[in-house]
Amino acid sequence: MSFHMHLRAVPDSEVRLDYAWLEEFMGAAWDWDVHQAEYQAGIASSIEKDFRSVHELYAAGRGLPEGRDGVWELPIFGGGIVYHPDDKQPPFVHLPPDTVRQASAFLADVSFDALWEAAGPKLHTAFGPDWDEGDVRDIYVHHHAGLRAFYQRAAMAGRAVVKAFWY
């Protein structure tokens, strides 16, 4: 079983906060060729399996000046939630452009080293004893750098971000 968080940067005027519409919109973009083209264009990103633990990494930002007022929550699970009509599927999440700018600023300003110092030991332990801490750290550096670049491009273009969680 695989699970992914899929992010897509789009003009906010094109977004309809309707579950059926978002399901079709995000589902069409999850097609391999479309996703790869959007990923290459910098308007899509995804994290397989690790998105929950990346959220835990950012939760370490709660105590940092850059993470005040819940801004640390925005990159992964933060935003306006659009629920499935009978709660049988994961919700979609929408970040309007002003909130995308806040997420981008958090990711640009927060010290990865400070986050890792606070959350790294727990995240490393979750991978098991056979994993070298440096290798685990590199996984999170890669996720952080990818999210930072994605949100920066979206913020600079004045775009909204729609998130899907595929299970």
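We did not get these values from a lab; they are worked out from the coordinates using the rules stated. Since the model is a prediction, treat every value here as computed from it, not as a measurement. Neighbour counts are summed over all protein chains in view; Cβ atoms, including those assigned to glycine, are modelled from backbone coordinates with ideal geometry.
Quick test for you: out of G27, G42, pick the one residue that is exposed (fewer than 15 other Cβ atoms within 10 Å of the Cβ), within 15 Å of the chain's Cα centre (by Cα) and of a type outside the set (S, T, N, Q).
Working: G27 fails: within 15 Å of the chain's Cα centre (by Cα).
The match here is G42.
Please give the number of the condition I47 fails out of (1) among the β-branched types (V, I, T); (2) farther than 23 Å from F3 by Cα; (3) touching a strand residue (DSSP E or B) at 6+ places or on another chain (Cβ under 8 Å).
I47 satisfies all of (1) among the β-branched types (V, I, T); (2) farther than 23 Å from F3 by Cα; (3) touching a strand residue (DSSP E or B) at 6+ places or on another chain (Cβ under 8 Å) except (2).
Cβ-Cβ below 8 Å, separation at least six or inter-chain, first residue in region 114-137 and over 16 Å from G61 (Cα atoms), second surrounded by 11 or more Cβ atoms within 10 Å (Cβ to Cβ) and of a type in the set (G, A, S): which pairs?
A126/S53; E133/G120; V136/G120; R137/G120
Would a scan of region 114-131 turn up a residue that is under 14 Å from W72 (Cβ atoms) and within 12 Å of the chain's Cα centre (by Cα)?
no
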